[in-house]
Amino acid sequence: MAPNVINREQSIDSNSDTSSPTEQEKSTRKHHNPMPIIVIMAPDNAFDHLLPEGTQYSSYPYHCSQQRYWRSKKATFLFCIVIMVLLALFCITIIATTNIVQQVVQSGHPPGPQPLIQTSCGPVKGEYQDGSWVFRGIPYAMPPIGHQRWKPPTSNQMPNGRCWEETHMATSYPSVCFQMDSNHSKVIGSEDCLYLNVWMPHNYDEKKPRLPVVVMMQGEGQSFHKDTPQKSFEFIRHYVNKAQAVFVSVNYRLDILGFLPTAQNLFGRQSREIVTGNFGLMDQILALKWIQKNIEDFGGNYSQVTVYGESSGTETMLGLLTSPKAQGLFQRMLVINPSFLPIQPFPQAVYANNSLFSHTGCHGDVECLMMLEGGELMMATSAHRLSKHKRFKEMLPPNHRFPLIIDGETLVSERGQIKEKRPEVPVMIGFSNWYTPCAEDHLERNFTKVVQLKFKLNVQSAKKIIMMYTKQKNESNGETLEEMLFDIKMCRAQKMLSNINFPVYYSIIRPHSLSLQESQEAKKNASSLQSSSANMGAHVKCSKQGNRDTHSLFLSELQQLWREGFSLIKTGRPSTSKVPNTTALISDNVITIEANYHQKECAFWSRHKTV
């Protein structure tokens, strides 16, 4: 029911017109300040007893009050909506600003336009990635395709000294060189693959000294690719960038396309040219020459170059150390889990290739080989293909069929002998136990066969070496196989480096299946530091617990090795080397080895041409 409004200005005396002026003036003065209007939200006559007699009411419609009420509600609601939208925009702005600030903190300054580097070959434009300026797919040689197959690499410089006229957009990873995929089931890559990638710290100050340079030789199964990044190599790249160094990765020809030595009839019967192999090694040397010429443009110091290789990427390292053509192109070498290729005379290597040609259908006809696609060659001659022994594949790492060749130019002496005097190149060799899986199911029944196949032994020799490793030991077959593989790596590295007159530092990661207490006990019983010519080895255990997260263990071990290795990169000497003028490195993370440890085993592997 609508309220009634009392109008206090109305007269309450019906005979007010007959009043005297004096009385009217008094009345007016008495009510000069009228009382405010009172709105009574109640039924009519509810408050009549409180008012003077004869008080009149003026109507105040109820629907007017209702409209004002809902208008107020709508205004409040819209106001809240506006406030919420503003708050949301504020939060989005804060989050975006925080991300930008974090990026600035990590990189030193915010990403700007794509960097343009002026090199001797021409301008190169890269892009920003995770705190680095990255330049992907820079060609350092002409593509080794067509008639350039199995020929030394040639520079891509034109007569005017440039390699390209327009700006080279170095924003895409190049194809890897022909190789088998991770499952060893198909060929990936291309013959047009002689490219390198460069990463430089985003916050590099040109006014400061040039940075150390780390050059990684990408072996088989090792690549940087945005779609399938390999964690171990991404870790290395991040580690090098964080330590303020320039990082370079190099593609080079692999396997049959990189190391095949052939007879004179390769380019026709009348040709006098002998294809001597070593093409992958020549690719690396040409890439190092490109780095010497251009790395300063990327903030690197050409006189502080460290060549780095891991596993398959270490195959040519002995050749780089001993080749007169590589002299002065690098100043240090860091090798993790080496698998050096042997150095052989040319006739011996060519004769050994005859059995390989039968898989191609060419039967020794080298001109026929030239007609095949690169992928066909890789598939036909791949050392990974074990069609008759598929169940052993995971236990049989690749056997490299193609050695380095003494050609009189790139390599001049067998077994890596360095006759001429040259500047010292400190070498650090790191060993970690991460490679061989535990495959107990197969090994329990077929261990002798696995050893025979893997190490190319006859049955009697396989049984003999198994007895040598298992005598007076309570080890599983998986542990024994892993110990064999570890010893072979150690024995081979020592044998091949025995004629190198450079400082050699060994870093051996404590086997992850041993407890710290066991490791300390091993150190107590060990002798003092051994020289590089001493026989060294390490017990290697294979446990299910140790292999549950093999990749994480490997990254952890790799990080330990890189802590020591980066001191070598910057100073030429590992930080944990405790005894001056020695060539063996022992740190808290590695175990020392007794003198002549596994001497009999190393002698066995040497007699059977395994090392």
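Brief remarks follow.
- Yes/no for PHE340 being more than 21 Å from LEU286 (Cα to Cα) and of a type in the set (Phe, Trp, Tyr): no
- Residue in the stretch 241-263 that is at pLDDT below 65 and either under 20 Å from the mean Cα position of the chain (by Cα) or assigned to a helix (DSSP H, G or I) (or both) present: no
- Exactly one residue among ILE466, ILE500, ILE418 is touching a Phe, Trp or Tyr at 6+ places or on another chain (Cβ under 9 Å) and modelled with pLDDT under 80, and that residue is ILE418.
- For the stretch 296-354, the set of residues classified as β-branched (Val, Ile, Thr) and under 17 Å from VAL213 (Cα atoms) consists of VAL305, THR306, VAL307, VAL335, listed by residue number.
- Within the stretch 176-203, restricting attention to residues that are touching a Phe, Trp or Tyr at 6+ places or on another chain (Cβ under 8 Å) and not in a strand (DSSP E or B), the residue that is modelled with the lowest pLDDT is HIS202.
- Filtered residues of the stretch 293-309 (kept if part of a strand (DSSP E or B) and crowded, with 21+ Cβ neighbours inside 10 Å): GLY300, GLN304, VAL305, THR306, VAL307, TYR308, GLY309
- Residue in the stretch 430-448 that is polar (S, T, N, Q), in contact with a Pro (Cβ under 8 Å, 6 or more places away or on another chain), at pLDDT below 75 and surrounded by 14 or more Cβ atoms within 10 Å (Cβ to Cβ) present: yes
- Long-range neighbours under 6 Å by Cβ, at least six apart or interchain, first residue under 22 Å from LYS495 (Cα atoms) within the stretch 318-335, second acidic (Asp, Glu): none
- The set of residues in the stretch 165-175 being surrounded by fewer than 16 Cβ atoms within 10 Å (Cβ to Cβ) and in a loop (DSSP other than H, G, I, E, B) consists of GLU165, GLU166, THR167, SER172.
- Whichever residue in the stretch 205-229 is under 23 Å from LEU568 (Cβ atoms) and loosely packed, with under 15 Cβ neighbours inside 10 Å and, among such residues, is modelled with the lowest pLDDT: LYS208
- Candidates GLY137, GLY161: the one that is under 18 Å from LYS289 (Cα atoms) and not in a loop (DSSP other than H, G, I, E, B) is GLY137.
- Close contacts from the stretch 358-377, counting a first residue that is closer than 16 Å to PRO261 by Cβ and of a type in the set (A, V, I, L, M, F, W, C) and a second that is at pLDDT below 80 and not in a helix (DSSP H, G or I), with Cβ to Cβ under 6 Å and a gap of 6+ residues or different chains, come to VAL366/THR262; LEU369/CYS362.
The values are calculated or read from the model by the stated rules, or taken from the named source; none is laboratory data. If you're wondering where the values come from, they're calculated on a predicted model, not measured in any experiment. All Cβ positions, even for glycine, are placed from backbone atoms using ideal geometry, and neighbour counts span all protein chains on display.
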